[in-house]
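The values are calculated or read from the model by the stated rules, or taken from the named source; none is laboratory data. Keep in mind that this is a model prediction, so the values were computed, not measured. Positions of Cβ are generated from backbone atoms using ideal geometry, with glycine treated the same way; all protein chains shown enter the neighbour counts. With ligands, DNA and RNA removed, areas are computed over all heavy atoms of the protein, side chains included. Shrake-Rupley method; radii C 1.70, N 1.55, O 1.52, S 1.80 Å.
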Amino acid sequence: EEMKLQERFDARIDNGDFIEAKDWMPDHYRKTLVRQISQHAHSEIVGMLPEGNWISRAPTLKRKAILLAKVQDEGGHGLYLYSAAETLGTSRDQMIEALHSGRAKYSSIFNYPTLTWADVGVIGWLVDGAAIMNQVPICRCSFGPYARAMIRVCREESFHQRQGYEALLTMMEKGTEAQRVMVQDAVNRWWWPSIMMFGPPDDQSPNSAQSMRWGIKRVSNDELRQKFIDATVEQAKLLGVTLPDPELKWNEERQHYDFGKIDWDEFFNVIAGNGPCNRERLAARVKAWDEGAWVREAAMAYAAKQTEPMKE
Ligand code: ACO
């Protein structure tokens, strides 16, 4: 019986069909999805922190309204993704506990500090740009609820990317010399961490082969990284900034940009919990959770009251 189910599952994957929450699936497929979707959700929620840091200090009312909307979108993406993961039988409490205890990962990128207003623009341009490059192929992921969630998420990310680029363009074209220096400094600090977001090189990516076989991943870490670099070099030229890699050079034969060596020690150090802001980020999440306990309790008490029989 189990063999038959497995065969049918494999055939559906080969056929490019969506697997839905109530369908039979191998345990390892379920676990891989819970891991990836919950990490993705945690990234959205933790990702609210570095930019949230600038809401109260945005330079104009317009920029403040845009930033508020963007950070709110990220909260929405996180909740949406937790729901997709919950369809696989893991509760939100379990996922959040895994984040708060340090067992679950979230994107390395959110462990870097946002030192100036230009960082907010650069996060939109580079970080959200990298996120879109990674997430568009997930719209075709074999697990239906995750694939469908990504469609809306990618549309919103695309708006986020453009607002970041536009904010930087404004500073570069109409700003002061000090603002241009600030933009270049932010680009210098975020470039390498942004290209690390795609994950370890393919030959050091333990999950890739199986995830590609299952159609959870459609494009490899290195391929996506290359696509992102190729697209970004052109955008950097338009913006008038220099990407901090002297080895970036068009390779006519490969029809791609060559780039310098990535410091993978830095990446592995950050995902092991030792990046510049890991402790601060987790502490902020735990504090928000603890301080919100009364809201959850009140909501539960209210819900219980609604189901009680009416008393005279
Ligand atoms: N940050 C933190 N951890 C990472 C990162 C990263 N940038 N890249 C890889 N890792 C982790 C993996 O989670 C895995 O650890 P685990 O086995 O404990 O889960 C380990 O490093 C080895 O990597 P891979 O074998 O390549 O892992 P995987 O096949 O899951 O690929 C990837 C990693 C590309 C990030 C994939 O999980 C993915 O596409 N996730 C969905 C997108 C996402 O999470 N985006 C969040 C950031 S974007 C944003 O929120 C704006």
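Please indicate, with yes or no, whether at least one residue in segment 33-40 is β-branched (Val, Ile, Thr), under 22 Å from GLY215 (Cα atoms) and part of a helix (DSSP H, G or I). The answer is yes; a qualifying residue exists. For segment 233-312, the helices (runs of 4 or more DSSP H) that sit wholly inside it and include 2 or more residues that are in contact (Cβ under 8 Å) with a residue 40 or more places away in the chain are 264-269, 278-291. Residues that are under 28 Å from ASP14 (Cβ atoms), open to solvent by less than 50 Å² (accessible area, probe 1.4 Å) and not aliphatic (A, V, I, L, M) within segment 182-222 comprise PHE198, GLY199, PRO200, PRO201, SER205, SER208, SER211, TRP214, GLY215, LYS217, SER220, ASN221, listed in sequence order. For segment 17-48, taking the residues that are open to solvent by less than 50 Å² (accessible area, probe 1.4 Å) and away from the ligand (no atom under 12 Å from the Cβ), the one that is farthest from GLY144 (Cα to Cα) is identified as PRO26. If you go through segment 99-132 and keep only what is open to solvent by 10 Å² or more (accessible area, probe 1.4 Å), more than 10 Å from the ligand (Cβ to nearest atom) and among the hydrophobic types (A, V, I, L, M, F, W, C), you end up with LEU115, TRP117. In segment 170-213, of all residues being of a type in the set (S, T, N, Q) and under 26 Å from GLY124 (Cα atoms), the one that is nearest to the ligand (Cβ to nearest atom) corresponds to SER194.
Within segment 214-228, the set of residues being more than 11 Å from the ligand (Cβ to nearest atom), in contact (Cβ under 8 Å) with a residue 60 or more places away in the chain and not in a loop (DSSP other than H, G, I, E, B) comprises LYS227, PHE228.
In segment 57-67, is there at least one residue being near the ligand (Cβ under 10 Å from one of its atoms), of a type outside the set (A, V, I, L, M, F, W, C), open to solvent by 10 Å² or more (accessible area, probe 1.4 Å) and in contact with a helix residue (DSSP H, G or I) (Cβ under 8 Å, 6 or more places away or on another chain)? Taking every residue of segment 57-67 in turn, none turns out to be near the ligand (Cβ under 10 Å from one of its atoms), of a type outside the set (A, V, I, L, M, F, W, C), open to solvent by 10 Å² or more (accessible area, probe 1.4 Å) and in contact with a helix residue (DSSP H, G or I) (Cβ under 8 Å, 6 or more places away or on another chain).
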